[in-house]
Structure formats: C-alpha cells, structure tokens
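One structure below.
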Amino acid sequence: DGGITQSPKYLFRKEGQNVTLSCEQNLNHDAMYWYRQDPGQGLRLIYYSQIVNDFQKGDIAEGYSVSREKKESFPLTVTSAQKNPTAFYLCASRSTGTKSETQYFGPGTRLLVL
Amino acid sequence: SQQGEEDPQALSIQEGENATMNCSYKTSINNLQWYRQNSGRGLVHLILIRSNEREKHSGRLRVTLDTSKKSSSLLITASRAADTASYFCATDTGRRALTFGSGTRLQVQP
C-alpha cells in the first residue's frame, strides 16, 4: 500500500516545547515538502528537500527545522521560536523525473497549543 | 507569496448544476494543477494542464488555461454532493515547489 503517512493526526504543544511531526513515504520519491495551512487559507511552503541530506527554506521557515537523513523520511520540528504554531501541517512528495510534476500529499497533522 | 489566487472564495450550488472556479497567477509557468481538499484532509491531485495547452478534460472536469491573461478555470459539470470540498490551483514554475492559491470552498446542496 503505497503512499505518504503523517503522524500523529493531532499534536498538542505546551509553551516553550519543541515538537516533531513525522512524514514517511514509500513512493521512492526524491523530493519532499512541508506546508502549513491556516484556517480558510491556502498552503504556505515551510521547507523542502530535493535529495537526501539536502533541504532548503521555503517562505515561512522561521521557527521550524527539518532533516533528511533517509529518502523515505522528512520530519519537521516546530521549535519554541515559532510563536504561533497552531495550524494544519501537510507533507507532500514528488518524483523528480521529467514526467512527474504531481505532488502527493499525506493526511496532515493538526497542531494545537495548550 | 501567493502565486495563484482563486475566485470566488466560496461557492454554493445545487446538485446537478455546474461549478466554475477561476485562478489567476503572476509569473510564467510550466504547468498549472488543480487539487481538491476535503475538510481536515490532505490534498488530492485532480488535473494538470501544461503551458502549451489550452483546454483539458478529465471525467466531469474541464480545465482551461489562458497564458496571455495568466488565468485558468476549473469547471465541474453535473455537480454532486460529494464534490463538496475546497479546490486549489497550484502553479509550477520549474523552481522549488508548487505555489498554491487560497482556494475556493465549494458547497453542493443535495
């Protein structure tokens, strides 16, 4: 059963706490992405990675960090520096082949602040 | 920054009617894609149209692209209650990631 999984589905963060959102894919895709979605809004790019051991900042990277140690995994850490972390977080992946422009999305993680 | 902007922001129609959503963008693109999002879920790819194409069909979906006006439209014919969702356009400029618009929330009344 191929696809992208995100966990947990809901995550609660206490003030000053770092939390990590998991994203795993078994599609053999090279590129992976993290987006943030606020209520009633579109998606904003946080970080992306085109290849293992390399990643780039997106439009709203401040207060977030990522790693890409394995092709299948692209975890996102929401640090205490992110003052307004409440949002829906979406992970996506894409093959970097010439005919592969479509992004595949995970089911999302909703982060709430206690 | 938002490359694509959808219009209208919200649309409510009766089952069986057609739904039309528009998307405008600012820079040159390689392709434009439409995605659907059910409430609280991830996005699902619907259709892709390349910059050298003007119209594309997939089932009840029809997409048009006017690169001179930097705009696209998505038409859903004979809508069903199950089409209720948010619809996003996304532009691919060949750099980094897709850029998504703010979406159109479609409500189809049974």
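The table for this structure:
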| item | result |
| --- | --- |
| The range A:50-114: trypsin sites (Lys or Arg not before Pro) in DSSP loop, at most 10 other beta carbons within 10 Å | A:83, A:99 |
| Above-threshold pairs, the threshold being 28 Å between Cα atoms, out of A:83/B:26; A:9/B:56; A:9/A:83; A:9/A:70; A:9/A:57; A:9/A:71 | A:83/B:26; A:9/B:56 |
| Inter-probe distance in nm under a simple model that places probes 7 Å from Cα toward Cβ, at residue A:18 and residue B:54 | 5.5 nm |
| Beta bridges per DSSP with both ends in the protein assembly as shown, % antiparallel, nearest 5 | 90 percent |
| Residues of the range A:33-76 with amide N under 13 Å of the 7 Å Cα→Cβ point at residue A:83 | A:63 |
| Longest DSSP-loop-exposure-free segment, GluC sites (Glu not before Pro), chain B, at most 15 other Cβ within 10 Å | B:54-110 |
| Added length on full extension, which subtracts the Cα-Cα distance from 0.36 nm per residue, residue A:54 to residue A:96 | 13.7 nm |
| Packing-based exposure ordering (other Cβ within 10 Å, fewest first) of A:21, B:43 | A:21, B:43 |
| With at most 16 neighbouring Cβ atoms within 10 Å, loop trypsin sites (Lys or Arg not before Pro) (DSSP) excluded, longest segment of chain B | B:1-25 |
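A short reminder: the numbers here are calculations on the coordinates, not readings from a lab. Bear in mind the structure is a predicted one, so any value in this text is a computation, not a measurement. Note that each Cβ is placed from the backbone with ideal geometry, even for glycine, and that neighbours are counted across all protein chains shown.
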